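FYI, it's all coordinate maths here, none of it is from the lab. Source: prediction; values computed, not measured. Every residue, glycine among them, receives a Cβ derived from its backbone with ideal geometry; neighbour counts consider all protein chains shown.
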Amino acid sequence: MNRRFLLAFLLVALVVAGGVSYLASSSPDGLDTVALHGCTENGEQLAGTCIAQNAGEHATAASPLADYALFGGQGTGGLAGIIGVLVTVVIAGGLFWTLRRRTPAGSASRSVRDE
């Protein structure tokens, strides 16, 4: 039962990351709009009093999965999402496996009620 639930959960996560991401807007307006509030474009430069004037490239801009795309390619958001889900499952699974509670060798597993 537990294994079936985990496989179903993984399947749903992969479908959402890989399939539904194609329905997302290619130009979301949340944080970008707020950062550009008060700016005017002057050619390639930003003018005005917005916080986006101080923005630069982030440290991971050249990474393979930057900007929710695979190597910056258009239309690769779904593949980037699938890779993200798989990497997260591997890391989380490795941590859970490493930190799991183990019974000492040679001792029988007993519950409190057995005593």
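Give me the extension gain from residue 58 to residue 4: residue separation times 0.36 nm, minus the current Cα-Cα distance, reported in nm with one decimal. Working shown, then result.
Working: separation 54, 0.36 × 54 = 19.44 nm, distance 3.98 nm.
Contour length minus Cα-Cα distance gives 15.5 nm.
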Assuming R0 = 25 Å, can you tell me the calculated FRET efficiency for the pair residue 66 and residue 23, based on Cβ-Cβ distance, to the nearest 0.05? 0.75
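Ranked highest first by average number of other Cβ atoms within 10 Å, how do 92-101, 44-53 line up? Mind showing how you got there, number by number?
Values: 92-101: 8.4, 44-53: 12.3.
Ranking the peptides 92-101, 44-53 by packing returns 44-53, 92-101.
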For residue 15 and residue 102, compute 0.36 nm times the residue count separating them, minus their Cα-Cα distance, and round to one decimal in nm. 27.9 nm
